[in-house]
Structure formats: C-alpha cells, structure tokens
C-alpha cells in the first residue's frame, strides 16, 4: 500500500515545488521592478500624501490594507472569467494577466511602505523570518543550476537590447 501512495505524494511534492519556484522567480524578477515603478508614480504631486498616510498606519491597519487590492481585483478577474466563458478567451486572459501584474505592483509597494509597521507584529516577523530563510535556501539551490544561469544570461541580454532602443 505504501508503494501506491508514494507516487501521488511525489507528484504533489513536485507540483508544489514547481509552484514555489515560479512564485520565487516572479518575486525575484518581478516584485522589485514593479515596486520601483509604483514608487516613481508615488512621487508625483498629489500622490505623496497617500504614501505618507500608508506609512503612518498602525500594524493592524497595514494588515487590513492588504485586503484592498484583493477586494478590488476580484470583480475584475470574475468579469474576465465571464468574458472567457462567452468566447473572449484572449481578452479574458489579457485582463487576468494585467490584473495580476497590477495587483502585484500595488501589493509590492504597499509591503515596502508598511513593512516597518508589519514587523511590529510578532507573528508577522516570525513568518517573514521563516519565509526569507526558506526563500534564500531555495534561491541558493536554484542559482547553482544551469537553467538559472542561462536564464540570467538571457535576461541580461534582453535588458541590454531593450535599453539600446
């Protein structure tokens, strides 16, 4: 019986590892540039006060603020699924992709602004420390692989071509 359970457990473990790797890859290559873009936008006149207000939130106010992007994007994603169900698959996928990138940018910026307040919560600081330890261990293993090194070379090449334009 144990033999029958090993295959599904390995398959689920591999799937979970793949999802975590994609999450870490997206965070590594997407989180920082998106956050920096929103930081530049946040410097525009009239928007600075919003960032100041977010920075001044107490810890639980900062936690509550993270529900806002989810609450605002859920109807957009549901509308995209509705469009896909009515034959507009490309439009639906594009809306979901844009919502994901936009939501990630907003959450990344919110996290940067509220991290000092969030770190005052013991459970959050504990979770963050464990996440960073886990993430760094995964990244250390990933950085040693041929695929990662090749991806970095391709990314560097792509960025250089983009900047030349």
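Key figures for this structure:
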read-out: Structure-based [θ]222 nm, the chain - -39500 (n - 2.57) summed over DSSP H runs of at least 4, per residue, nearest 500; value: -29000 deg cm²/dmol
read-out: Packing-based order for 130-139, 41-50, using average beta carbon neighbours within 10 Å, highest first; value: 130-139, 41-50
read-out: Cα-based helix-to-principal-axis angle, 146-164 vs the chain, degrees rounded to 10; value: 40
read-out: Helix axis angle, 2-26 relative to the chain longest principal axis, alpha carbon, degrees; value: 30
read-out: Extension gain (nm, one decimal) between residue 123 and residue 78, 0.36 nm per residue minus Cα-Cα; value: 13.0 nm
read-out: Degrees, to the nearest 10: 122-143 long Cα axis against longest axis of the chain; value: 50
read-out: Mean separation of Cα contacts under 8 Å, 6 or more apart, over the residue count of the chain: relative contact order %; value: 26
read-out: Pair residue 148, residue 165: separation of 7 Å Cα→Cβ label points (nm); value: 2.9
read-out: Cα→Cβ-extended label distance, 7 Å offset, between residue 136 and residue 12, nm; value: 3.1
read-out: Pairwise FRET efficiency - residue 100 versus residue 32, Cβ, R0 = 25 Å, nearest 0.05; value: 0.95
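Values quoted throughout were computed directly from the atomic coordinates according to the rules given, and no laboratory measurement underlies them. As the structure is a prediction and not an experimental result, all values here were calculated from the model. Heads up, the Cβs are rebuilt from the backbone with ideal geometry, glycines too, and the neighbour counts pull from every protein chain shown.
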